[in-house]
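K.L.:
One structure follows; several queries about it will come next.
Read the figures in this text as sums done on the coordinates, not as results from a lab. Since the structure is predicted, the reported quantities are computational estimates derived from the model, not experimental observations. Glycine gets a Cβ as well: all are built from the backbone with ideal geometry, and neighbour counts include every protein chain shown.
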Amino acid sequence: MNAVTPLHDTDPTRGSRLEALNRWVKEVAALTRPERIHWCDGSQAEYDCLLAAMQAEGTLLPLNPDTHPNCWLHRSDPDDVARVEHLTFVCTRERDDAGPNNHWMAPAEAHAKIDALFEGCMRGRTLYVVPYCMGPIDSPLARCGVEITDSPYVVANMRIMTRMGESALARIEREGAEGAARGERADTFVKGLHSLGELDPERRFIMHFPEELTIKSYGSGYGGNALLGKKCHALRIASWQARQEGWLAEHMLIVGIENPQGETHYIAAAFPSACGKTNLAMLIPPESYREAGWKVWTVGDDICWMRPGADGRLWAINPEAGFFGVAPGTSARSNPNALATIAHDTIFTNVAVTDDNQPWWEGLDDRVPTLDWQGRPYDPANGPAAHPNSRFTVSARQCPTYSPHAEDPQGVPISAIVFGGRRASLVPLVFEARDWTHGVLVGAAMASETTAAAAGKTGVVRRDPMAMKPFCGYHYGDYFSHWLSFDEPGAKLPKIFHVNWFRKDADGGFIWPGFGENLRVLEWIVRRVEGRAGAVDTPIGKVPSIRDLNLGGASVSAAAIEALVAIDSDGWQRELDEIGTFFDGLGDRIPPALRTR
Ligand code: OXD
Ligand code: MN
């Protein structure tokens, strides 16, 4: 770092307040050999310094300050644009505990392999110590971590995506002292070590050690590979912790639906990456609903931690403080709330820019960009102008529909859980599971067409139980059993539903209009929860008949709706056979209760 950054070296007082953390930072520094160490306090001044330094280095470019005040563009390495599932490992002592759903490596081998890469990798760089809290800082459901990274871009993103800095350090310190007083280990925070390394895809690994609450990620600076609070901590490690402690860490948005009587139901919904979770979390009701007084509140768009409360209901928090949303497709039509959210104080990554230096992506509007995501003059022959997995990082507080209850320490009570996937055929617009066990089966059987959020082919149907295939930090069989275990006396569990917004007609067009219109389906879900809506029994669960849905002012025909809720028995028989084969592939830990359904 240079003269514009008065960032300070290790603060010995702060370090000694927390022995375990200080020791780990020293060990990492001895291995990685940074030029200096900076403990992040999370202040605005620190953030401004980091941005100024990145700007001076050319790794962060200012966008048009008149249209997008305090907005920035970062371009990642062109070989580093998505999560790398084939290089992501869960390193448990027993191979079977990671399960066939994860790549596994023995912990000793994994540490040796990745530590060899870390050796001396921060020479000439600054090592940042980033204490963070996942969840509202005063929430009993929240959990802390510390990420060590040599990327200022990661630090800046972590400040937006988590509660980062002094307040998190104070909580870590308090929990350490409480643990020590109980005679338990003092380092209950998750340790994440990250280095950009050489950004060489051949020297890239994301390793998780759930038994050690440790993450090591080398060689990538992008998204979930590098912002370790998100997928690595809040899903892979947290799912493991959640199983031990009796809660759930899920790949779900949380949205509040307020009816004209002023009652709000919270829905948690799991969809695979890039299936519109952010859009659903920020949905704008159709006009007739708005006039009637319906409102939609955003609690979270990607991750949900939930735990049974004293009243038997599941209470949920969003562990994140920001949105790391997919830019392409975000528009005034698909998500005006997101556009308002990202109009200022936002970091964009891998988007294109217009001639007046505004961020641009496919689907935004019909302007033609000047530079593509790699900074080249835009030429359609090179493919899309914005990378399909280009992103915005922005504080959730900027969202016009951010729920006034999003930061409640006890969380919000969940009325319904919704599973969904991107399926061009077969799967109806919506159906309701018969009971909790059937609902768990519906989640376990989820499948979706792949998108650009992960490296690899897009558009292929893959099984993605509970949208957790890339994120479940342990054996899927044990995970399903854990889900089933919540059905115990006294539990007031949410009803479970499945939706599919993505059915296509013979010409390849979407049948259901989606976006704000999805509220029609959510209204049916909420009214089912309240026992106020009808439904028709089918072999796969309950579906609404046309008269059960509020279709006033909807642009879709009655015939289309009939088609969207019709059940194709032969197709479902084939689907069930495939689900059976998929479960067989997961081995003998699949709970028998799911088999007999
Ligand atoms: C994400 C993902 O970044 O699911 O949220 O890939
Ligand atoms: Mn996600």
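K.L.:
In straight Cα distance, which lysines are under 20 Å from LYS191, not counting same-chain residues fewer than 8 positions off?
P.N.:
LYS26, LYS113, LYS216, LYS230, LYS231
K.L.:
Measure nothing but the geometry: give the 0 to 90° angle between the long axis through the Cα atoms of 107-118 and the longest principal axis through the Cα atoms of the chain, rounded to 10°.
P.N.:
Long axis of 107-118 versus the principal axis of the chain: about 60 degrees.
K.L.:
What length, rounded to one decimal in nm, is gained on full extension from ARG23 through to VAL556, with 0.36 nm per residue of separation minus their alpha-carbon distance?
P.N.:
Difference between extended and current length: 185.7 nm.
K.L.:
Mind listing the phi-derived Karplus ³J(HN,Hα) values for segment 542-547, rounded to whole Hz, using 6.51, -1.76 and 1.60 with θ = phi - 60°, and x for any glycine or proline?
P.N.:
Taking θ as phi minus 60°, the curve returns 9, 10, x, 8, 3, 6 Hz for segment 542-547.
K.L.:
Give me the net charge for the shell around GLY383: Cβ to Cβ below 14 angstrom, other residues only, Lys and Arg +1, Asp and Glu -1.
P.N.:
Net charge in that neighbourhood comes out at -2.
K.L.:
So what's the gap between the Cα centers of segment 301-336 and segment 443-503, to the nearest angstrom?
P.N.:
Each part's Cα centre sits 16 Å from the other's.
K.L.:
Now for a different question. Can you tell me the dipole magnitude for segment 324-398 around its Cα centre, using point charges on the Cβ only (Lys, Arg +1; Asp, Glu -1), in Debye to the nearest 20?
P.N.:
Dipole size: approximately 300 debye.
K.L.:
Can you tally the net charge around ASN64? Count Lys and Arg as +1, Asp and Glu as -1, for every other residue whose Cβ sits under 11 Å from the Cβ of ASN64.
P.N.:
On the way: positive: none; negative: ASP66, ASP355, ASP356.
Summing Lys/Arg as +1 and Asp/Glu as -1 gives -3.
K.L.:
Further, regarding this structure: How about LYS495: which lysines have a C-alpha closer than 22 Å to its C-alpha, ignoring those fewer than 8 places off in the same chain?
P.N.:
LYS277, LYS295, LYS542
K.L.:
Which is farthest toward the positive dipole end of the chain among LEU196, PHE419, SER220, measuring Cα position about the Cα centre, with Cβ charges +1 (Lys, Arg) and -1 (Asp, Glu)?
P.N.:
PHE419
K.L.:
In nm, what is the difference between 0.36 nm times the number of residues separating GLU178 and GLN374 and their Cα-Cα distance?
P.N.:
Here the segment from GLU178 to GLN374 would lengthen by 65.7 nm.
K.L.:
How large is log10 I(q)/I(0) at q = 0.07, 0.10, 0.11, 0.12 Å⁻¹ when the Debye formula is applied to the Cα atoms of the chain, each weighted equally and without solvent?
P.N.:
Listed by q, the Debye log ratios stand at -0.41, -0.86, -1.05, -1.26.
K.L.:
Residue-wise, which Karplus ³J(HN,Hα) couplings in Hz belong to segment 151-160, taking 6.51 cos²θ - 1.76 cosθ + 1.60, θ = phi - 60°, and x for glycine or proline?
P.N.:
Listing the rounded values in order: 10, x, 5, 5, 4, 4, 5, 5, 5, 7 Hz.
K.L.:
Additional query: On a 0 to 90° scale, report how tilted helix 166-181 is relative to the longest principal axis of the chain, with both axes built from alpha carbons and the result rounded to the nearest 10.
P.N.:
So the helix axis and the longest Cα principal axis differ by about 90 degrees.
K.L.:
Among 421-432, 316-327, 101-112, how do they line up by average Cβ neighbours within 10 Å per residue, starting with the highest?
P.N.:
Packing order, densest peptide first, comes out as 316-327, 421-432, 101-112.
K.L.:
Moving on. So if each residue of separation counts as 0.36 nm, and I subtract the Cα-Cα distance between ALA170 and GLU578, what length gain in nm does that give?
P.N.:
Contour length minus the Cα-Cα distance gives 141.9 nm.
K.L.:
Pop the C-beta distance of ILE546 and ASP366 into the FRET formula with R0 = 41 Å and round what comes out to the nearest 0.05. Each step should come with its number before you reach the end.
P.N.:
Numbers: r = 36 Å, r/R0 = 0.88.
After rounding, the FRET efficiency stands at 0.70.
K.L.:
If you don't mind, there's one more thing I want to ask. Place the peptides 466-477, 373-384 in order of packing, highest mean first, counting for every residue the other Cβ atoms within 10 Å and averaging per peptide.
P.N.:
466-477, 373-384
K.L.:
For segment 140-206, which GluC sites (Glu not before Pro) pass both filters: DSSP loop (anything but H, G, I, E, B) and at most 16 other C-beta atoms within 10 Å?
P.N.:
Qualifying residues, ordered by number: GLU184, GLU198.
K.L.:
Going by alpha carbons, how many degrees (0 to 90, nearest 10) lie between the helix axis of 518-529 and the longest principal axis of the chain?
P.N.:
The helix 518-529 is inclined about 70 degrees to the chain.
K.L.:
In deg cm²/dmol, rounded to 500, what helix-only [θ] at 222 nm does the chain give when every DSSP H run of at least 4 residues adds -39500 (n - 2.57) and the total is split over its residues?
P.N.:
The per-residue figure over the chain is -8000 deg cm²/dmol.
K.L.:
Right, another one. Can you tally the net charge around PHE324? Count Lys and Arg as +1, Asp and Glu as -1, for every other residue whose Cβ sits under 11 Å from the Cβ of PHE324.
P.N.:
0
K.L.:
Also, I was wondering about something else. Give the calculated FRET efficiency between GLN261 and ASP537 to the nearest 0.05, with a Förster radius of 51 Å applied to their Cβ-Cβ distance.
P.N.:
According to the calculation, E is roughly 0.95.
K.L.:
Modelled label-to-label distance, ALA56 and ARG95, 7 Å Cα→beta-carbon offset: nm?
P.N.:
Rounded to a tenth, the inter-label distance reads 5.1 nm.
K.L.:
HN-Hα J couplings of segment 580-586 from phi, Karplus 6.51/-1.76/1.60, θ = phi - 60°, integer Hz, Gly and Pro as x?
P.N.:
With the stated coefficients, segment 580-586 comes to x, 5, 4, 4, 4, x, 8 Hz.
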